[in-house]
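The values are calculated or read from the model by the stated rules, or taken from the named source; none is laboratory data. Since the model is a prediction, treat every value here as computed from it, not as a measurement. We place every Cβ from the backbone using ideal geometry, glycine too, and count neighbours over all the protein chains shown. In case anyone asks, the SASA skips ligands and DNA or RNA and just uses the protein heavy atoms, side chains included. Shrake-Rupley method; radii C 1.70, N 1.55, O 1.52, S 1.80 Å.
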Amino acid sequence: MPTTGMKCKTAVFGGSFDPIHLGHLHLLHEVAERTDIGHVILIPALISNFKQNSNPASFFQRVEMARLAIEDFKEIYPADNLALTVSTIEGDRGGISYSSDTVRALLPDYGVDGKLFFLIGDDILEKLDKWHDFDYLKEHVIFICFPRDGVRRSAQGAEIIFVDAPVFPASSTKARAGDEGMLSKRVYAYAKDHGLYKA
């Protein structure tokens, strides 16, 4: 449960969200259950630095699916007291989506003591030090990581808070391959209506 006596904090949750799936929503549920984060900003990447040629869904479509997923989240986890918003900041900025640029833009409004919270999975840790302007991120980001195998790994001096939580077996790859069980109902309906993936 969230730590008592602490202010509501905002965290960034970025990614391709191609598509956003039930695993992402489960992670948000665990944020609500196990941290003192009170607000999460979902930020679909326009062009991920690590996936520059792999977006079958447009930026607009991925933003819309994220917004629909928030509606589904409220129905799936009605007791969760977590505010969720979607930002188009990386699409508005254009070009490759660098997290360091996004942190610079959001830090004045959402930072705590000069740092911004950033949600990641443990699959990110191995390449975290390869992120653009990593030295800046180490100075201004507190990463909140959900290790899938219980192993806590370091990441070249980055500040990381590890949160142990059950893992939801979902992936965007399976969703794109047509596994409707990976998607919440509104997201699945949208993908089907727009001929995305194999929905």
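Remarks
- Top-ranked residue of the stretch 68-93 - restricted to ones that are open to solvent by 30 Å² or more (accessible area, probe 1.4 Å), under 19 Å from Ile47 (Cα atoms) and not hydrophobic (A, V, I, L, M, F, W, C), ranked as modelled with the highest pLDDT: Thr88
- Hits in the stretch 92-111 (condition: of a type in the set (Asp, Glu) and touching a strand residue (DSSP E or B) at 6+ places or on another chain (Cβ under 9 Å)): Asp109
- Residue that is surrounded by the most Cβ atoms within 10 Å (Cβ to Cβ), among those in the stretch 94-111 that are among the aliphatic types (A, V, I, L, M) and modelled with pLDDT of 95 or more: Val103
- For Gly114, the test of being open to solvent by less than 50 Å² (accessible area, probe 1.4 Å), out of contact with any strand residue (DSSP E or B) (no Cβ under 8 Å at 6 or more places or on another chain), farther than 21 Å from Glu180 by Cβ and modelled with pLDDT under 95 is passed.
- Looking across the stretch 118-144, the residues that are within 14 Å of Leu27 (Cα to Cα) and touching a residue at least 40 places away in the same chain (Cβ under 8 Å) come down to Phe118, Leu119, Gly121, Ile144.
- Helices (runs of 4 or more DSSP H) contained entirely in the stretch 101-199, each with at least 1 residues that are closer than 20 Å to Ile89 by Cα and aromatic (Phe, Trp, Tyr): 134-140
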